[in-house]
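Structure first, commentary second.
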Amino acid sequence: MKIATFNVNGITARLPRLLDWLAEADPDVVCLQEIKILDAAFPAEAIASAGYTALVHGQKGFNGVAILSKQPATETARGLDGDPDDDHSRYLEADVCGIRIASIYLPNGNPQPGPKFDYKLAWIDRLAARAAALLATEQPVVLAGDWNVAPLGVDVFSEAAMAADALVQPETRAKFRALLFQGWTDAIRALQPTGPAFTFWDYQAGAWPRDLGLRIDHLLLSPIAADRLTHAGIDRAVRGGERASDHVPVWVEINA
DNA sequence: ATGCCTATGCGACATAGA
């Protein structure tokens, strides 16, 4: 089964690119982030024509996540526990063919320090609580999404240029590492242990042609899912398309 | 030391992204 994550930065603006990529990459499941649309306005018909059902946890203007699937998908969670005042649409989870799959849009957290950074750190704690509960089920689980965390120095084009950014702060990295060390496998790093593996290039300052990227989109696998991991990849070429998102699709294949 | 781009919204610039 091929499972992908793709921050589309607006489903309306990106629909042609998404449909092109679905036809070309042929994933079974796609976790989308930043769909920036209400559930009722989601282009479900176009997605259905491509062969996918859609679970949608939308929001107007910004945020919003979805899970597209060729096989039947059963929703298992919408949002994270732990903060009744949090009205951001950033977490959606489903069962597909016995695999638990989460679409995650972790808060950016800039500027830091400040309330947005505090929200980010608290959100990681809430996600870690959910992740621990999922691990305890001993099911195959895939946590896929835009984590807005560059785990190591090699995951940014320049540590100096990024020093003040919420994506690389020691507290950010420590919380990500703590979650990872619950027992998750970072799929891209499991199959490509060294070197850059960027998944995002800013629209500004010629970041894409200069290859000034970040690795912030990740698929974390539970032990049983990791045992079944056969392939993983980053579809870099998508970044060079017309009206591209600033993120590209990242995917894994696990034995069904 | 800031903006550089891009998407969206009851738009005529502001907010958010990372």
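The values are calculated or read from the model by the stated rules, or taken from the named source; none is laboratory data. Keep in mind that what you see is a predicted model, and the values were worked out from it rather than measured. Positions of Cβ are generated from backbone atoms using ideal geometry, with glycine treated the same way; all protein chains shown enter the neighbour counts.
Against the condition closer than 30 Å to A:Ala132 by Cβ, within 9 Å of DNA strand B (Cβ to nearest atom) and either over 17 Å from the mean Cα position of the chain (by Cα) or not small (Gly, Ala, Ser) (or both), how does A:Ile216 come out, does it pass? When the stated conditions are applied, A:Ile216 passes them.
Out of A:Val252, A:Val238, which single residue is in contact with a Leu (Cβ under 6 Å, 6 or more places away or on another chain), closer than 26 Å to A:Ala13 by Cα and surrounded by 18 or more Cβ atoms within 10 Å (Cβ to Cβ)?
A:Val252
Scanning segment A:44-87 for residues that are touching a helix residue (DSSP H, G or I) at 6+ places or on another chain (Cβ under 9 Å) and among the β-branched types (Val, Ile, Thr), which turns out surrounded by the most Cβ atoms within 10 Å (Cβ to Cβ)? Restricting to residues being touching a helix residue (DSSP H, G or I) at 6+ places or on another chain (Cβ under 9 Å) and among the β-branched types (Val, Ile, Thr), the top hit is A:Val56. The residue that is farthest from DNA strand B (Cβ to nearest atom), among those in segment A:164-178 that are under 18 Å from the mean Cα position of the chain (by Cα) and surrounded by 15 or more Cβ atoms within 10 Å (Cβ to Cβ), is A:Lys175.
Scanning segment A:192-213 for residues being within 9 Å of DNA strand B (Cβ to nearest atom) and of a type in the set (D, E, K, R) gives a total of 1.
Taking segment A:60-128 as the region of interest, the strands (runs of 3 or more DSSP E) fully inside it that hold 1 or more residues being within 15 Å of the chain's Cα centre (by Cα), within 16 Å of DNA strand B (Cβ to nearest atom) and within 18 Å of A:Ile11 (Cα to Cα) are A:65-69, A:91-96, A:99-105.
Screening the candidates A:Ala174, A:Ala160 for the property of being free of Cβ contacts under 8 Å to residues at least 24 places away in the same chain, closer than 30 Å to A:Arg228 by Cβ and small (Gly, Ala, Ser) yields one hit, A:Ala174.
Beta carbons closer than 6 Å, at least 6 apart along the sequence or on distinct chains, pair a first residue in segment A:6-30 that is free of Cβ contacts under 8 Å to residues at least 60 places away in the same chain with a second that is more than 9 Å from DNA strand B (Cβ to nearest atom) and outside any strand (DSSP E or B) for A:Leu15/A:Pro43; A:Leu19/A:Ala50; A:Leu22/A:Ala50.
Evaluated against (1) within 30 Å of A:Gly98 (Cβ to Cβ); (2) surrounded by 19 or more Cβ atoms within 10 Å (Cβ to Cβ); (3) hydrophobic (A, V, I, L, M, F, W, C), A:Phe181 falls short on exactly one condition, (2). Pairs linking a residue in segment A:88-110 that is crowded, with 21+ Cβ neighbours inside 10 Å to a residue that is in a loop (DSSP other than H, G, I, E, B) and modelled with pLDDT under 95, with Cβ atoms under 9 Å and 6 or more positions apart or on different chains, are A:Ile99/A:Ala256. Could you tell me which residue of segment A:24-53 is farthest from DNA strand B (Cβ to nearest atom), considering only residues that are part of a strand (DSSP E or B) and under 25 Å from A:Ile216 (Cβ atoms)? By that ranking, first place goes to A:Val29. Among residues of segment A:194-220 that are more than 13 Å from A:Val156 (Cβ to Cβ) and among the hydrophobic types (A, V, I, L, M, F, W, C), those with a beta-carbon under 8 Å from a residue that is within 13 Å of DNA strand B (Cβ to nearest atom) and part of a strand (DSSP E or B) at least six positions away or on a different chain give the pairs A:Trp208/A:Trp201; A:Leu219/A:Thr5. Considering only residues that are polar (S, T, N, Q) and crowded, with 20+ Cβ neighbours inside 10 Å, which ones fall in segment A:113-163? Selection gives A:Asn148 alone.
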